[in-house]
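Chemist: Attaching a single structure in structure tokens format; questions to follow.
Throughout, read-outs are computed from the coordinates displayed, never taken from laboratory work. Since we're looking at a predicted model, the values are computed, not measured. Cβ: placed from backbone, ideal geometry, glycine included. Neighbour counts: every protein chain shown.
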Amino acid sequence: MAYAELSRSGKRSRILLGESPLDGGKSLASRVFCCWKVHVKLLLCFLILLELLSVGLSSVEPDYEGEALVEFLKDLNDTNKRITDWNTYFVNPCFSWSHVTCRNGKVIALSLSSNGFSGTLSQSITKLKFLISLELQNNHLSGVLPDYLGSMEHLEYLNLGNNRFSGSIPKTWGQLFSLKHLIISENKLSGSIPDSIANITRLKELDLSSNDLSGQIPSRLFSVPIFNFTGTHLECGSSLSRPCFSGSSLSNRDSDRKPSLGVLVSAAGCGAFLLLSIGAVFVYRYRQVHGIKNDLFVDVSGEDECKIFFGQLRRFSWRELQLATDNFNESNVIGQGGFGKVYRGVLSDNSKIAVKRLTDYHNPGGEAAFQREVELISVAVHRNLLHLIGFCTTSSERILVYPFMQNLSVAYRLRDLKPGEKGLDWSTRKCVAFGAAHGLEYLHEHCNPKIIHRDVKAANILLNDEFEAVICDFGLARLVDTKLTHVTTQVRGTMGHIAPEYLSTGRSSEKTDVFGYGITLLELVTGQRAVDFSRLEEEEDVFLLDHIKKLLREKRLHDIVDSHLKVYDPKEVEIIVQVALLCTQSSPEDRPKMAEVVRMLQGVGLAERWAEWEKLEVIRNQEFSVMSCHLSWAEDSTHDQEAIQLSEAR
């Protein structure tokens with residue numbers, strides 16, 4: 001609401017700032033009061049924006065928590081498949097994982113009760129260094145209570161009730177000095193209560209009921225506000241003058257808390273009022289010194305109604321990006337696409353960025369591309385997708401800011417290396433194939449609405465510091481409603497990567513991306529371009545897809561693999577080539593979905609699909625042999641005649 005109000009015309013802005021259009025209609029006191037309210041709103045928006053930025057910036061740290069949670073869930077044995085969105089490819093559990101609560105980009109709570117888990121507790125839980133609450137009650141977990149939980153120094157709430165844990169209570173749990181609530185009732189625990197449990201001085205609730213525990217109860221535990229030892233063999237009861245549960249302590253506890261709660265609320269109210277007052281004075285003084293113009297969040301004229309939802313993005317100033325790119329010096333250009341150039345930049349904190357400057361946003365597609373990429377960040381968060389970190393807008397500029405990838409693109413590493421630079425070995429190429437497949441699968445299957453990239457190629461796959469695939473350039477992506485099977489748009493893409501049906505009809509779908517991915521796989525194996533006219537000198541096909549098929553027909557398999565690859569696994573090469581050819585079939589209905597592609601890369605279901613392809617290829621080869629006697633190279637450079645005619649016109 002604040003952002004929309006601040007981007008209105010000048011008159012509306014003056015009204016919001018407390019200036020009445022009727023100067024004599026209000027008293028000075030009411031105008032001051034209105035101005036104070038606006039200042040308070042601005043301060044609250046500023047504080048909320050800082051919180052969002054802190055969460056966004058913290059997400060760039062290594063995702064060890066996500067990996068720990070996936071391992072933890074594996075040992076819990078989720079046979080009912082109740083949790084399906086815990087995936088290490090989803091960047092960070094704080095973005096979209098269910099049952100997870102985060103603060104400042106760190107996991108602080110897991111709510112996993114009543115999910116039918118039947119496994120055990122994994123030691124990977126100890127990797128969640130900031131975990132405060134762990135709820136696993138009402139499951140079927142078994143095994144002994146793990147002693148390593150005693151190392152979780154921030155844990156305040158632990159509920160393992162109504163499970164099937166056995167054995168004794170670990171002595172190391174006495175090191176949980178922050179613990180306030182411990183509930184392990186209705187299990188099969190035996191033995192006595194360790195004396196070390198009495199060392200937990202902050203304990204407010206202790207429920208050990210319905211277990212086979214026996215022996216003495218440390219006297220310190222009877223002073224815990226809420227305790228329950230019923231249904232055990234522990235030494236308590238009326239005959240021993242030691243109650244087995246805190247019968248009256250609940251009411252006493254509530255009455256004791258009321259005064260302290262009232263004091264706390266009063267103190268918090270006074271503190272908030274004081275903070276807001278100081279903030280209002282600061283904003284008022286800042287407005288007097290710098291003027292009202294500098295308060296606008298988007299430095300465009302009032303009539304430019306470009307509504308942007310900030311989310312977790314950072315807004316850069318034009319001056320900041322000018323300094324970062326040396327005034328957009330041409331020597332810093334690292335790429336150029338259909339909507340503008342990409343510059344290398346360095347911020348004041350020495351962090352490296354890639355700045356995409358849209359030069360034609362007022363033309364058809366230009367501004368839509370900007371709006372689209374800004375919106376996509378709210379739904380496309382994945383370790384194999386390039387993360388948009390910010391943007392900049394002025395009356396004449398639209399700029400997107402990404403993290404800089406030092407290793408540049410796959411295409412660069414395959415074909416454009418400078419002397420002394422290292423190329424891609426086979427294991428890295430295979431990793432790129434898997435990573436890109438996972439990224440596209442996420443766009444197609446896990447985004448709602450789904451996202452079609454429309455220009456999948458080696459040049460649009462960047463390499464992070466670990467040489468993992470990161471798909472970039474969503475300037476051509478399109479949001480598609482899940483009820484639609486295709487979308488008709490202006491044909492955009494790169495020759496050689498465009499699917500035949502997209503080129504001839506303008507209709508794109510997920511299968512359009514599958515085709516482009518198949519061509520990219522061939523680029524990874526061969527190191528060659530999708531279209532290369534230099535192959536004419538050797539009387540070979542111009543299109544890489546046709547070139548590979550010809551080599552297969554002539555059984556020249558050794559000529560398929562990149563000559564720069566000295567070490568590779570022939571079986572793995574065979575799998576990737578087979579998947580590539582299945583992805584590039586002329587009919588989109590025959591191509592697999594990206595989810596199937598991921599499985600086939602692992603060898604699952606590939607043999608059956610490949611056998612069907614070979615049967616069809618025999619028929620196609622017979623037809624090709626007849627046609628090749630009568631057609632020139634331009635006519636036989638692809639099997640889809642309609643598509644190649646359109647390609648020539650394009």
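Chemist: Below 9 angstrom from the Cβ of Ser142, what's the summed charge of the other residues (Lys, Arg +1; Asp, Glu -1)?
Modeler: +2
Chemist: Moving on. How big is the gap, in Å, between the Cα center of region 152-192 and the Cα center of region 538-585?
Modeler: Going from one Cα centre to the other spans 59 Å.
Chemist: Another question, if that's okay. Where Lys and Arg each count +1 and Asp and Glu each count -1, what net charge lies around Gly605 among other residues with Cβ under 9 Å from its Cβ?
Modeler: 0
Chemist: Subtracting the Cα-Cα distance from 0.36 nm times the residue separation, let me have the gained length for Ser168 to Lys127 in nm, one decimal. All intermediate terms of the calculation are to be shown ahead of the outcome.
Modeler: On the way: separation 41, 0.36 × 41 = 14.76 nm, distance 2.38 nm.
In short, 12.4 nm is gained.
Chemist: What is the calculated FRET efficiency for Lys81 to Leu616, with r their C-beta to C-beta distance and R₀ = 35 Å, to the nearest 0.05?
Modeler: With R0 = 35 Å, the Cβ-Cβ based efficiency is 0.45.
Chemist: While we're on this one: From Cα pairs below 8 angstrom and at least 6 apart in sequence, can you work out the relative contact order of region 90-138, rounded to a whole percent?
Modeler: About 36 percent, as a whole number.
Chemist: Can you order the peptides 495-504, 397-406, 111-120 by their average number of other Cβ atoms within 10 Å per residue, highest first?
Modeler: With the highest mean Cβ count within 10 Å placed first, the list reads 495-504, 397-406, 111-120.
Chemist: Mind giving me the FRET efficiency for Glu608 and Ser348? R0 is 56 Å, r the Cβ-Cβ distance, nearest 0.05 is fine.
Modeler: The pair Glu608/Ser348 has a calculated efficiency of 0.50.
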